[in-house]
Amino acid sequence: MSAVRGPLPEIRRELEEPNRPTPRGDCSKPVVIELDDVWLSFDRPVLRGVNLVVHEGETVVVLGESGSGKSTILKLIMRLLVPDRGRVCVFGRDIVGLDFEDALEIRKHIGMVFQYAALFDSLTVYENVAYPLRENTDLSEEAIYPVVRERLEFVNLDPDRVMSQLPGELSGGMRKRVGIARAIATNPDIILYDEPTAGLDPLAVDAIVDLTRKLQRELGVTSIVVTHDIRAGFRVADRVDLLREGRIVFEGTPEQMIAADDPYIRAFLG
Amino acid sequence: MGRFVAAIDTWMRNAALGVQEYFVLGQRAVRFVAARPFYAADVVVQMDRIGVGSIPIILLTGLFTGMVLALQSSVELGRFGAEIYLGNLVGASMVRELGPVLSALMVAGRASSGIAAELGSMRVTEQIDAMESMGTDPIKKLVTPRLLAGITMLPLLTIVADTIGIIGGLVIAVFRVDLPADIYLRGVWQTFASSGYAFGFFPRDFISGLLKPVVFGAIIALTGAYYGLNATGGTEGVGMATTRAVVTASIMILGTDYFLTQLLLVVLPPPGL
């Protein structure tokens, strides 16, 4: 192992951090998300027979190079896309055949953190976080206000300072945190993260990783994190799936991945 | 040769698919008019943007169109000593064709491009995906309010354009042609009266002049939304969507105008036909 170069030793140290969540990939728990032999092509094949199972409360990190089809998996789970072949089950229900309105119902149980936050730029931070509450609940504006404040505080933002600001006035890290606050506004059962640390400075990456752990610890949500940031991914993962050219080529714990002898995995880990 | 035929085949398939998607978008946007939740506040905002925001260009377009129409017509009518018919000509031209079509073209340039740019930006920055991920149907939230605003505001803008165009003609009639204002205005009204009445009391020209803008308003909103929602590839894609929205909406307005006129001539034939 001493011959290993690159960031592996640092990753290994991070895995030994005391705050790192204990792996909870407990197969006795109900399956919340399942992709079964999923195929999808656009101009070229994107996913080629992907199988993925996520149990309740588990955090699965999907690693892979850019263009390997990682974000497509999230869009399939949200049913923003429909596979050419295969099943996508959420809470045991195959969502591929659902009509648009039923798919919207499923989405109400899922929070998604987008790569560049995807905040509505014409709405203030308050209105962005309040949006899913206004859309999906019968809460009055008086009831929504404290929820928005609480969610912003949860993601370590000062509500009094940011609530009236527009997304364009925020830094990248703050935008991402507002995106997380919006994703958890309705207490979803599942949170999907699309490149949560992309484009952030190291301190902001740390903040987002800490926040992801906090969500695991305090809310116990089921999560899928899609990223090519190996270090950040390993710090939050119960289980890792490595995607290569539309196929899952590795599945296991971060420790198992580091110990793997496969030349592609070694090259990917640097 | 085979490659050429294949390219035409692909182009025609894509065109047919595009037309189908356009009408499905329209059908869904109309269906959501009566579906909860109602985005009344969004409708009001869009009415303000599409309607109130377009008033200055409609005023200018209507005024100068009426003025130049009166100016050109006065020259030709003068050859036959028929300047007293200036009001008839300006009134008929403005209310039947120029008011609805020019208003629609101006609003298409302003609002269709705006809708395509706004929705296109939302598409490429994943804001529409975010909206869907939170259980909101983007057609209901984004397209239906714009459609409602388009079909309600364009007839009102057309009335403004017609009125200001007739006033522009009046200015030329009085100050350039030396035609008394009452003769000009009587000519305007005579035109409407001679076109016949629908339902016994409503001048036929008004029906035709206000029905067209409803259709044009729908075209403006739907075309902008269609290209915006289908924008791809970042800022360049948004720019292309904007251009295509304006060009397509303008062509559709002119084409639809012909067929609507033909239809109205059959459904509401003027007296003597």
Revision key, fill the gap. In square angstrom to the nearest 100, the accessible surface buried at the B/A interface, both sides summed with a 1.4 Å probe, amounts to 1600
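Go ahead and run the numbers for FRET between residue A:210 and residue B:48, Cβ-Cβ distance against an R0 of 60 Å, rounding to 0.05.
About 0.85, to the nearest 0.05.
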Exercise for review: Sketch the reach of a paramagnetic label on residue A:139 as a point 7 Å from Cα along Cα-to-Cβ, and name the residues of segment A:190-207 whose backbone nitrogen lies under 19 Å away.
Suggested key: A:190-192
Exercise for review: Might you tell me the accessible area per residue for segment A:118-172, computed with a 1.4 Å probe and given in Å²?
Suggested key: 48
Review point. What percent do you get for the relative contact order of chain A when only Cα pairs under 8 Å and 6+ apart count?
Key: 28
Point to revise | Helix-only [θ]222 nm of chain A, DSSP H runs n ≥ 4, -39500 (n - 2.57) each, per residue, nearest 500 | key: -11000 deg cm²/dmol
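Count the net charge of all other residues whose Cβ sits under 11 Å from the Cβ of residue B:162, scoring Lys and Arg as +1 and Asp and Glu as -1. Write down the numbers at each step before the final one.
Numbers: positive: B:96; negative: B:97, B:205.
Within the 11 Å Cβ shell, the charges total -1.
Per residue and in Å³, how big is the convex hull formed by the alpha-carbon atoms of the protein assembly as shown?
210
Can you give me the accessible area per residue for segment B:1-110, using a 1.4 Å probe, in Å²? Kindly include the intermediate steps, with their values, before the conclusion.
Working: 6480 Å² over 110 residues.
Here the per-residue accessible area is 59 Å².
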Revision key, fill the gap. Within the under-15-Å Cβ sphere about residue B:96, not counting residue B:96, Lys/Arg +1 and Asp/Glu -1 give a net charge of -2
Review point. How far is it, in nm, from the label point at residue A:102 to the one at residue A:122 when both lie 7 Å from their Cα along the line to the Cβ?
Key: 3.3
Review point. Which of the chymotrypsin sites (Phe, Trp or Tyr not before Pro) found in segment B:112-217 are in a DSSP loop and have at most 15 neighbouring Cβ atoms, other than their own, within 10 Å?
Key: B:199, B:201
Exercise for review: Quickly estimate the mean residue ellipticity at 222 nm for chain B, helices only: each DSSP H run with n ≥ 4 gives -39500 (n - 2.57), and the total goes over all residues, rounded to 500.
Suggested key: -25500 deg cm²/dmol
Revision key, fill the gap. Using a 1.4 Å probe on heavy atoms of the protein chains only, the accessible area for residue A:268 in Å², nearest 10, reads 40
Check your understanding: Taking the protein assembly as shown, how many lysine pairs are there with alpha carbons less than 29 Å apart, if each pair must be eight or more places apart or span two chains?
Key -> 22
**Study point:** Protection-proxy order for peptides B:222-235, A:244-257, A:158-171, each taking the mean of Cβ atoms within 10 Å per residue, highest first
**Key:** B:222-235, A:244-257, A:158-171
Exercise for review: Determine the share of the protein assembly as shown's accessible area contributed by carbon and sulfur atoms, expressed in whole percent, with a 1.4 angstrom probe.
Suggested key: 60
**Study point:** Karplus-derived 3J(HN,Hα), 6.51/-1.76/1.60, for each residue of segment B:262-267, Hz, glycine and proline x
**Key:** 4, 5, 5, 5, 7, 6
Practice item. Work through the residues other than residue A:111 whose Cβ is under 14 Å from its Cβ and net out their charges, Lys, Arg +1 and Asp, Glu -1. Key: +1
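The values are calculated or read from the model by the stated rules, or taken from the named source; none is laboratory data. Predicted, not measured: the structure shown is a model, and the values here were computed from it. Cβ sites come from the backbone with ideal geometry, for glycine too, and all protein chains shown count toward neighbours. Quick note on the areas: whole protein, heavy atoms, side chains included, nothing else; ligands and nucleic acids left out. Shrake-Rupley method; radii C 1.70, N 1.55, O 1.52, S 1.80 Å.
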